[in-house]
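Reading through the structure tokens given below for one structure.
Bear in mind that the values in this text are calculations on the coordinates, not laboratory data. Not measured: the values here are computed from a predicted model. So basically every Cβ, Gly included, is an ideal-geometry build from the backbone, and we count neighbours across all protein chains shown.
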Amino acid sequence: MSHAHAAPLPEERTSTGVATGKVALWWFLASEVAIFGGLIMSYVVCRLAHPEWAEEAAHTVSAAGALNTVVLLTSSLFAVLAHSAATHGDMKKASNLLFATVGGGLVFLCVKAYEYHHEISEGFTPVASLFWGFYFFMTGLHGVHVVAGMTALTWAALKARKNEAPWAVEYTGMYWHLVDVIWIFLFPLVYLASAS
Amino acid sequence: MSHDAHPQSFISKYVFSTDHKTIAKQYMITGLFMALFGGAAASAIRTQLAAVEPGGTGGFLDPQFYNSVVTMHGTVMVFWVAMPVLVAGFGNLLIPLMVGAEDMAFPKLNMASYWVFLLSTVVLLISPLVPGGGAAGGWTSYPPLAADPALSGVEWGITLWILAVALELVAFLMGGINFITTAINMRAPGMSMWDLPLFVWEEVAASIVFMLSVGPLIAGAVMLLLDHVAGTHFFDPKMGGDPVLFQHLFWFFGHPEVYVILFPAFGIVAEIITCHARKTLFGYKMTVWSVIATSLLSFVVWAHHQFIAGIDPKISIPFSVMTILISVPVAVGMFAFMATLYKGSIRFTSAMLFALGFFACFLLGGVTGIINGTAAADIYIHDSYYVVAHFHYTLYPLVFMAGPAGLYHWFPKMFGRFMNETLGKVHFWGSMVFFNLIFLPQFNLGMMGHNRRLAVPTNYEFLSTPEALLMQDISTWALFGLLAFQLPFVWNFFHSMFRGAVAPANPWNATTLEWQCPSPPPHGNFDTPPVVYRGPYEYSPEGDGPDFIAQNQPPEGQHEVPQNPLVSPHAAK
Amino acid sequence: MSHDKKYIVIWAALLVALFVSLGLGQFVGNAAVVGTIFVIAAVKAWLVVAEFMHLRLEARWLQLVFAGALAAIMAFVIGITPDVAHHWSVIPPKPEAAADAVVVAKKPLEPGNVERGGKVYGTYCVGCHAVDGKANGGTTGANFVDDTTRLAKTDAELLTSIAEGKTGTIGTMPPWKGALTEQQRVDALAYVRATFGAK
């Protein structure tokens, strides 16, 4: 009955009182902040040097951007409600809410696909100008993270249905919230800061 | 509980292993293997530079190929030798052992990180073999040269190079999460953060600095790749892009990266000096704070690599000031080593000799960094061999003196056998003498105005003087001497793995936890998880007893686990 | 269940903030408006991070992890702004234009001087064309010695190449009109012809 016996799983052992998975997740999110922060800030500073980009930015579809913001904010709501349900033991509800979050991601991607199609068919390709290069790279990288998030959330939702891996509900949700936060900054930078 | 009950196949034990000790060996062996390529590239460079004669004749390397050799030398040595040996190799080996854990927090992620790293290695090795040759823009790969195939003449070589570097960075992001989480959250009962060996602090700091600084470079590398293959114009001034932006993105990571390499080496030296001088680390807490200060400052000095790149001259001033400031916390660490050695009972094992050699050479490298870091002086010496000499006087000791020091010291733990000490001393003295002979002349060459990355320096009269030619010759012959003295080490390493004298669990009478389990440790490391009662450097304690007290040795008369296992049982220092 | 209600309230607040930003977005062009939009974005992000990701409830050191990443990015922005935020579209006026404003007799162009030209060649041209004029076997530039078509061109054509640069079969020669005066370029050509031309 020695207290010194370590628990077999890292999730159950902690020297700080914070779950090991959560410590790891916050470090991972911090590195994502560094990646997107570096990219977005490079765009911001270049934008300051190029006021003429405002005219190019006018060709982004603000309505689609706004809709996508609503979609992501709502899907974040679903994710945090899923976590709340899981902490109360209702794994079925958590699973459903996670699937709803994934659905939000799917809507987001469809709207984005429409936008890309619209912009490229008007001649605004990634190589058309420096603004469009940044636009496609930033939103594209964000989109890749949306797909990754949807994959992780689906996995967590399936596990939750079987009453397994309750920690995944919280962790995948937190990753999704970061994806949402990045979009919260991308939206005004790319859609709103334009001449019209 | 150790998990060696179930039998493992060769594949699961040595190839697809999740055991941190095996992963450490995989990283180290890959890193040492890549050092062969880095060394071959160095040989090609130095042979070319000694072979060219006044008038520009005598060279045997096509200048384009010379540039790609220079590029590969730098890239390989920084990303594929220094990082896997120092950060991932020693980090993987020692962190779980030193904190008393059975493995890293996420063993499968750890294994995945090595395989991503191995993939990056393969991609890099393929990159010079494709049509168009390998990347030839220097390890810094500045656009427009690196972005425009019409300028560099290289197509696939650069694409593969960028992909290899990106994969390598991802591998270390994955590893970094493990190092930080394990050190923070999987410490043995009774081990507060202030009971951690300095090596663990250094690895945690290195991982944090790496993870927070690499983001902008990942963005920049993808932007460079897009410019190169997709026709975007992020760094193309003709279309409104900014090449200096790439330099900022690169060096924002590139400078902290040298501290990422520095920290584990300092940690290795600290462990060796305390153990082989039988003395507590002088100023342990102050040294930890100096590591934290260095980490913070490392984020605000990067533009000292760009003083003459056309940056706004106004920002040269704060960057110069910060660069000079950062030498202070680094010096604190060096002073701690010196003060630890003072009045110690020094055992001149191979490990200790290399640690001392590291100290002497890194000191020279560090002080020459101050001259480079001052914008006014840097205007003259930037992009000259003075810079080359400076960074070799810092990087070489970090990788090839602290690295072997660590190998000689922990080899018994890794393989249960000693390395041969006589061969170790031969390795040390030869390396010490010839390393200095290679790079001391290069300070002179730099002051003469010898530019970096120059295939045929004797095209210029001022670099064809007898003095310059003599410097080149000395530097080149010394390299061959240095390489010759690595042979005893290579033989020693592999021969001792199988035929070395058998080593006990704690052959050096050391205090830290990795020495309180068998050599080599079984899968799962500790039979019962250790409980920590004291700090990491209780050497030469008062009284007549043994000259060290292990961290997990219960105090006299105490047999029970402390009540609150999360708090160190001894009074705060 | 009050937790859930709180989340829904925050969600509603986020949507309100979004629509306020959209409204303000009609008036972009005013720096204060742009600033307000970004402050709103920061507030929205903070709400998500603190309340949905529960950072507000975590240990201080864990909060510092996130703050540390933000601080690193702030350092990056401050460092690059003086360089990258410059309005590079504005090209500063050429010095010669300024000199024209002051009436000064321009020095007449002398015929090419081989000795002066040798010094120019030895500093600026050897990097590619090498001391022997063979450009490392014709790999790094035009090989004046072995490829007789090079120097067979007229002076005017060669001087244009030197001044404006040229992309050819071997690679790209940069333009030298910014770095070398016309006299220096004429001298260099004279040196090349005298040293490497057909005897």
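With r defined as the distance between the Cβ atoms of B:I29 and B:I379 and R0 fixed at 51 Å, what FRET efficiency is calculated, to the nearest 0.05?
With a Förster radius of 51 Å, E is 0.75.
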**OP:** Give me the net charge of C:P82's neighbourhood, meaning all other residues with Cβ under 9 Å from the Cβ of C:P82; Lys, Arg count +1, Asp, Glu -1.
**Re:** -1
Subject >> Eligible aspartates and glutamates near C:K44 by straight Cα distance, threshold 20 Å, same-chain separation 8 or greater >> reply: A:E32, A:D180, C:D4, C:E58
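Around B:N492, what is the net charge, scoring Lys/Arg as +1 and Asp/Glu as -1 over all other residues with Cβ under 14 Å from its Cβ? Mind showing how you got there, number by number?
Details: positive: B:R417, B:K425, B:R499; negative: B:E421.
Taking every other residue near B:N492 into account, the sum is +2.
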Subject >> C-alpha center-to-center spacing [segment B:10-35, segment B:69-115] in angstrom >> reply: 10 Å
**OP:** As a check on your grasp of the helix formula, calculate [θ] at 222 nm for chain B: sum -39500 (n - 2.57) over DSSP H runs of n ≥ 4, divide by the residue count, round to the nearest 500.
**Re:** -20500 deg cm²/dmol
**OP:** Taking the Cβ of each residue in B:D103, C:D146 as the centre, tally the other Cβ atoms inside 10 Å and list the residues starting with the fewest.
**Re:** C:D146, B:D103
**OP:** Counting helices only, and only those DSSP H runs with n ≥ 4, report the 222 nm mean residue ellipticity of chain A as the sum of -39,500 (n - 2.57) divided by its residues, in deg cm²/dmol to the nearest 500.
**Re:** -26500 deg cm²/dmol
Subject >> Under Karplus coefficients 6.51, -1.76 and 1.60, residue-wise ³J(HN,Hα) of segment A:61-72 in Hz, glycine/proline x >> reply: 8, 4, 4, 5, x, 5, 4, 5, 5, 4, 4, 5
Subject >> Over segment C:2-84 - Rg/Rh using Cα atoms and the Kirkwood inverse-distance radius >> reply: 1.07
Original post:
In nm, to one decimal, how far is the modelled label at A:A165 from the one at C:T139, with both set 7 Å along Cα→Cβ?
Top reply: 5.4 nm
Subject >> Residue exposure sequence - B:H523, B:H255, B:H248, B:H495 - by fewest surrounding Cβ within 10 Å >> reply: B:H495, B:H523, B:H255, B:H248
Original post:
Can you give the FRET efficiency for B:T422 and B:F462, using 1/(1 + (r/R0)^6), R0 = 35 Å, r = Cβ-Cβ distance, to the nearest 0.05?
Top reply: 0.15
Original post:
Once the Cα atoms of helix B:156-185 and of chain B are each reduced to a long axis, what angle between those two axes, in degrees from 0 to 90 to the nearest 10, is obtained?
Top reply: 20 degrees
**OP:** Pull up the cross-link candidates among the aspartates and glutamates for B:K13, meaning alpha carbon to alpha carbon under 20 Å and not fewer than 8 places away within one chain.
**Re:** B:D4, B:E102, B:D103, B:D527
Subject >> Cut-off 12 Å between beta-carbons: net charge of the residues surrounding B:E514, Lys and Arg +1, Asp and Glu -1 >> reply: +1
**OP:** Report, by chain and number, residues whose modeled amide H sits under 5 Å from the one on B:F548, excluding near sequence neighbours (fewer than 5 apart, same chain).
**Re:** B:S540
Original post:
For chain B, taking Cα atoms only, what is the radius of gyration to one decimal and the Dmax to the nearest whole Å?
Top reply: 24.0, 81
Original post:
Exposure proxy check: B:I29, C:I40, B:I268, A:I40 ranked by fewest other beta carbons within 10 Å?
Top reply: B:I29, C:I40, A:I40, B:I268
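Just to confirm the filter: which trypsin sites (Lys or Arg not before Pro) across segment A:97-177 are DSSP coil and have at most 11 other Cβ within 10 angstrom of their Cβ?
The qualifying sites are A:K162.
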Subject >> FRET efficiency estimate (nearest 0.05) - Cβ-Cβ, B:K314 to B:I370, R0 35 angstrom >> reply: 0.95
**OP:** List every residue whose amide H lies under 5 Å from the amide H of C:M173, counting only residues 5 or more places away in sequence or on a different chain, with H placed 1.01 Å from N in the peptide plane.
**Re:** C:K166, C:T167, C:G168
Original post:
In degrees, nearest 10, range 0 to 90: what is the angle between the Cα axis of helix B:487-499 and the longest Cα principal axis of chain B?
Top reply: 30 degrees
Subject >> In segment A:20-192, lysine pairs with alpha-carbon atoms under 24 angstrom apart (chain gap of 8 or more, or interchain) >> reply: 8
Subject >> Proximal aspartates and glutamates to B:K238, defined as alpha-carbon separation beneath 19 angstrom and excluding residues fewer than eight positions away on the same chain >> reply: A:E52, A:E56, B:D148, B:D227, C:D83, C:E164
Subject >> Projected label distance in nm at B:V502 and C:F38, using a 7 Å step from Cα toward the beta-carbon >> reply: 6.9 nm
Subject >> More than 42 Å apart - percent of Cα-Cα pairs taken over the protein assembly as shown >> reply: 43 percent
Original post:
Rounded, prolate or oblate: which fits segment B:405-456 when a ≥ b ≥ c are the square roots of the eigenvalues of the alpha-carbon gyration tensor, with rounded for a/c under 1.5 and prolate only if a/b beats b/c?
Top reply: prolate
Subject >> Electrostatic dipole magnitude of chain B [Cβ: Lys, Arg +1; Asp, Glu -1; Cα centre; debye, to 20] >> reply: 600 debye
Original post:
Which is farthest toward the positive dipole end of segment B:13-516 among B:V258, B:I315, B:M338, measuring Cα position about the Cα centre, with Cβ charges +1 (Lys, Arg) and -1 (Asp, Glu)?
Top reply: B:M338
Original post:
Could you give the distance between the Cα centres of segment A:127-196 and segment B:191-244, to the whole Å?
Top reply: 21 Å
Original post:
Taking the Cα centre of the protein assembly as shown as the origin, how large is its charge dipole in debye, to the nearest 20, when only Lys and Arg (+1) and Asp and Glu (-1) carry charge on their Cβ atoms?
Top reply: 780 debye
Original post:
Cα gyration tensor of segment C:114-196, axes a ≥ b ≥ c as square roots of the eigenvalues: rounded (a/c below 1.5), prolate (a/b > b/c) or oblate?
Top reply: rounded
**OP:** Can you find, among B:L437, B:L97, B:L487, the residue farthest towards the positive end of the dipole of segment B:13-516? Put +1 on the C-beta of Lys and Arg, -1 on that of Asp and Glu.
**Re:** B:L97
**OP:** Compute log10 of I(q)/I(0) for chain A with the Debye formula, placing one identical point scatterer on every Cα and leaving out solvent, at q = 0.10, 0.12, 0.18 Å⁻¹, to two decimals.
**Re:** -0.49, -0.66, -1.16
Original post:
For segment C:6-18, in order, what is each residue's ³J(HN,Hα) by Karplus, 6.51 cos²θ - 1.76 cosθ + 1.60 with θ = phi - 60°, in whole Hz (x at glycine and Pro)?
Top reply: 4, 4, 5, 4, 4, 4, 4, 4, 5, 5, 4, 4, 4
